[in-house]
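The structure appears right after this line, and notes come after that.
Throughout, read-outs are computed from the coordinates displayed, never taken from laboratory work. Because the structure is predicted, anything quoted here is derived from the model rather than measured. All Cβ positions, glycine included, derive from the backbone under ideal geometry; neighbour counts span all protein chains shown.
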Amino acid sequence: MENFKSHFVFNRSQRNGILFLLLLISGLLYVFVFVDFSEENMLDTTSPEIIEIQKELDSLRVIEIASRKPKKYPFNPNFITDFKGYTLGMSPEEIDRLKRFREQDQWINSIKDFQKVTKVSDSLLNEISPYFKFPDWVINPKPKKNYNKNKGCKKKSFLQKVDLNIATLEQLQQVSGIGEALSKRIISYKEKLGGYSDDTQLYNVYGLNPQVVNRVLNEFTVKTPKEIIKMNLNAISASDIATIPGISFELAKKIWEFRILNEGITDFSELEKIDGMTQRKLKGIQLYLTLD
């Protein structure tokens, strides 16, 4: 009993300590009960200064987002790939309409033509049309001083025509629709081929309208054709077919797969069944292939 009583006997220093502890606990309880600890927004977001800073941050954010978007550069709308069409905001259906139109060897020569063929919306057209870059013969057509459309153009005989493989820039530019840029492309393509082998190769020159090609071929023709070593279509690979000018690897692969599926080709006319094959392309590949 005496030991138990000793636990409740404190000296003066201990009693002062206990009193201080009680006062501290009471003070903390008072603060906890009567003091409001809810957070207050010390920053006035409605002040003119804060609003101005917020506007500046928003504008910087818009600039940053715009800088991350793919940059647009001038391009010829006749040659829009699937990826290019996607980045422009075109739908797959709109891209397919353009591809089908071009596969018929037809050309888009104006913004109006582009919308008529693809059926894109006015808003998208207004956004991308400033970047359209049409060929030189569309933008700067050569004045038709000596060409009378109503009377027609008198056809020249083979002997009257100039050899296309020796034609100069100046001679080519005498043809209506042929400017400096296109005449250079005709000669550059000739150098790439090592010389024209057939008149039909002229249709492969980038930017040449079929009507302009016809006018060129009324003044020029291939008189000294470059010899072509032909390949056997029934024995070569898709990569070999893709080396033919004007034939993409995608079309070359289709031709190769068609040959494998049919266990060989016996007549070039069979290739007309291939998607993307045109009469002009068919004539072009016959310059480089045989069916031996």
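Remarks
- Each Lys or Arg adds one and each Asp or Glu subtracts one; over the other residues with Cβ under 14 Å from the Cβ of Lys190, this totals +1.
- Prolate/oblate/rounded call for the stretch 231-290, Cα gyration tensor, a/c under 1.5 rounded: rounded
- Normalised contact order of the stretch 231-290, rounded percent, pairs of Cα under 8 Å and 6 or more residues apart: 39
- For the residue pairs Lys99/Lys283; Lys155/Lys192; Lys156/Lys192; Lys226/Lys254; Lys253/Lys281; Lys223/Lys273, alpha carbon separations beyond 24 Å are given by Lys155/Lys192; Lys156/Lys192; Lys226/Lys254; Lys223/Lys273.
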